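Peer 1: My questions all concern the structure below.
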There are 2 protein chains.
Amino acid sequence: MPLKPWKVLESTYLRPRFRVDKCELPSGYILDANIMEFRTWANILALTKDREAVLVKQYRHGVQDFLLELPGGIIEDGEAPLAGIQRELLEETGYSSPHVVEAGWLFPNPALQTNKVHAFIALDAELTSAQSLDDGEEIEVHLVPLEELKSLAANGKFQHALHVAVLFQALAYLDKIT
Amino acid sequence: MPLKPWKVLESTYLRPRFRVDKCELPSGYILDANIMEFRTWANILALTKDREAVLVKQYRHGVQDFLLELPGGIIEDGEAPLAGIQRELLEETGYSSPHVVEAGWLFPNPALQTNKVHAFIALDAELTSAQSLDDGEEIEVHLVPLEELKSLAANGKFQHALHVAVLFQALAYLDKIT
């Protein structure tokens, strides 16, 4: 018997972007699905001429710890992912690059969220301005050699799962073009 | 100036496991952080003797599509992650393995969620029983050669970001032991 989609019987918004769908499954079973309509996200593996990755470290309140991550964030409504990631890279790190390409995209959580996360890679990234942070942002910039970043990820020291996934796509893309 | 944690001024639960923390940032800025206290998750790269990965395909209502994924799910309260992933593998696929090890763990979304996702790997997985699905589950089992799975992930055809991250850790672990 082929898999079938669920039928939505009723949708209710508890808060903006947070929807509960009462669904009827192919089996007839009824359940409430909590769905978050997040905006598009993007992250970037930005490499300098010396093949150092431009990383950010910031406080993450969900786990109440400071994590090393790829730059990136939320793409604004109406903004193209490429423009958004260039903006985020510049704002968070002060770095920019003439060579930014999309390596692919993924679903951050296809069961609970509607959105995609786009994976970008930048070559020849250079420091071209000061950071320009939002009120809620406090970000340290760290340059980490690409081989060291791979080793951190392989050894569980690069702990943001979505950024590991973006790194995977970016490295696969790098393998194809080099 | 070193990074500092945020100070929680007030915590309110909108629903069970869904908390809003009114936080004061080191800069003095005040914001509301939406935090989801999800249970621990785990996923597994289970390989047969022929190095085929045991994968699952199911409907994901967030993106309203059918996705190929690693087996896994929610670890129950009081359950060890190892016991939980063995249970999930057996229930979802009917496969089990005498050799299941943890390759590492990650934060699925450290900004918004408190939980971890554990990455497991199983060798010599064999079909030992029938599927045992919950009322809300309808799952197809697919055997995919490991090299084909790597290629799918490298080409954006294995689209669940958390599972790509778990695959990354599992493959890194395999590299170390083989």
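Peer 1: Just one of A:Lys116, A:Lys49 is open to solvent by 50 Å² or more (accessible area, probe 1.4 Å) and under 30 Å from B:Asp135 (Cα atoms); which is it?
Peer 2: Criteria check complete, one pass: A:Lys116.
Peer 1: Exactly one condition in (1) within 11 Å of chain A (Cβ to nearest Cβ); (2) part of a helix (DSSP H, G or I); (3) open to solvent by less than 10 Å² (accessible area, probe 1.4 Å) is false for B:Lys176; which is it?
Peer 2: (3)
Peer 1: Please go through segment B:37-76 and give me each residue that is part of a strand (DSSP E or B) and of a type in the set (Ser, Thr, Tyr), ordered by number.
Peer 2: Once the filter is applied, which keeps residues that are part of a strand (DSSP E or B) and of a type in the set (Ser, Thr, Tyr), segment B:37-76 yields only B:Tyr59.
Peer 1: Taking into account only those residues within segment A:61-97 that are free of Cβ contacts under 8 Å to residues at least 40 places away in the same chain and in contact with a Leu (Cβ under 6 Å, 6 or more places away or on another chain), which is surrounded by the fewest Cβ atoms within 10 Å (Cβ to Cβ)?
Peer 2: Only one residue tops the list, namely A:Phe66.
Peer 1: Additional query: Go over the candidates A:Lys22, A:Lys4 one by one and state the one that is within 11 Å of another protein chain (Cβ to nearest Cβ), without any contact (Cβ under 8 Å) to a residue 60 or more places away in the chain and either of a type in the set (D, E, K, R) or not in a strand (DSSP E or B) (or both).
Peer 2: After applying the criteria, what remains is A:Lys4.
Yes or no, residue by residue, for (1) at pLDDT below 95; (2) over 28 Å from B:His160 (Cβ atoms); (3) out of contact with any strand residue (DSSP E or B) (no Cβ under 8 Å at 6 or more places or on another chain); (4) of a type in the set (Phe, Trp, Tyr):
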residue	(1), (2), (3), (4)
A:Leu70	no, no, no, no
A:Glu79	no, no, yes, no
A:Glu92	no, no, no, no
A:Tyr95	no, yes, no, yes
A:Val100	no, no, no, no
A:Phe120	no, no, no, yes
A:Pro145	no, yes, no, no
A:Ser151	no, no, yes, no
A:His163	no, no, no, no
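Peer 1: Please verify whether segment B:125-135 includes one or more residues that are part of a helix (DSSP H, G or I), touching a residue at least 40 places away in the same chain (Cβ under 8 Å) and within 12 Å of another protein chain (Cβ to nearest Cβ).
Peer 2: Looking for residues that are part of a helix (DSSP H, G or I), touching a residue at least 40 places away in the same chain (Cβ under 8 Å) and within 12 Å of another protein chain (Cβ to nearest Cβ), one finds none in segment B:125-135, hence no.
Peer 1: What is the one condition in (1) surrounded by fewer than 21 Cβ atoms within 10 Å (Cβ to Cβ); (2) among the hydroxyl-bearing types (Ser, Thr, Tyr); (3) touching a strand residue (DSSP E or B) at 6+ places or on another chain (Cβ under 7 Å) that A:Ser132 does not satisfy?
Peer 2: Going through the list (1) surrounded by fewer than 21 Cβ atoms within 10 Å (Cβ to Cβ); (2) among the hydroxyl-bearing types (Ser, Thr, Tyr); (3) touching a strand residue (DSSP E or B) at 6+ places or on another chain (Cβ under 7 Å), A:Ser132 breaks only (3).
Peer 1: Please work out which one of (1) touching a Leu at 6+ places or on another chain (Cβ under 9 Å); (2) open to solvent by 20 Å² or more (accessible area, probe 1.4 Å); (3) over 22 Å from B:Glu92 (Cα atoms) is the condition B:Leu143 fails and give its number.
Peer 2: Only one criterion is unmet by B:Leu143, namely (3).
Peer 1: B:Leu82 fails exactly one of the following numbered conditions: (1) more than 11 Å from B:Leu45 (Cα to Cα); (2) in a strand (DSSP E or B); (3) more than 8 Å from chain A (Cβ to nearest Cβ). What is the number of that condition?
Peer 2: That leaves (2) as the condition not met.
Peer 1: Which is more than 9 Å from chain B (Cβ to nearest Cβ), in a strand (DSSP E or B) and in contact (Cβ under 8 Å) with a residue 60 or more places away in the chain, of A:Val100, A:Val141?
Peer 2: A:Val141
The values are calculated or read from the model by the stated rules, or taken from the named source; none is laboratory data. These figures come from a predicted structure and were not determined experimentally. When we count neighbours, we look across all protein chains shown, and the Cβ atoms used for this are built from the backbone with ideal geometry, even at glycine. These area figures cover heavy atoms from the full protein model, side chains too; ligands, DNA and RNA do not enter into them. Shrake-Rupley method; radii C 1.70, N 1.55, O 1.52, S 1.80 Å.
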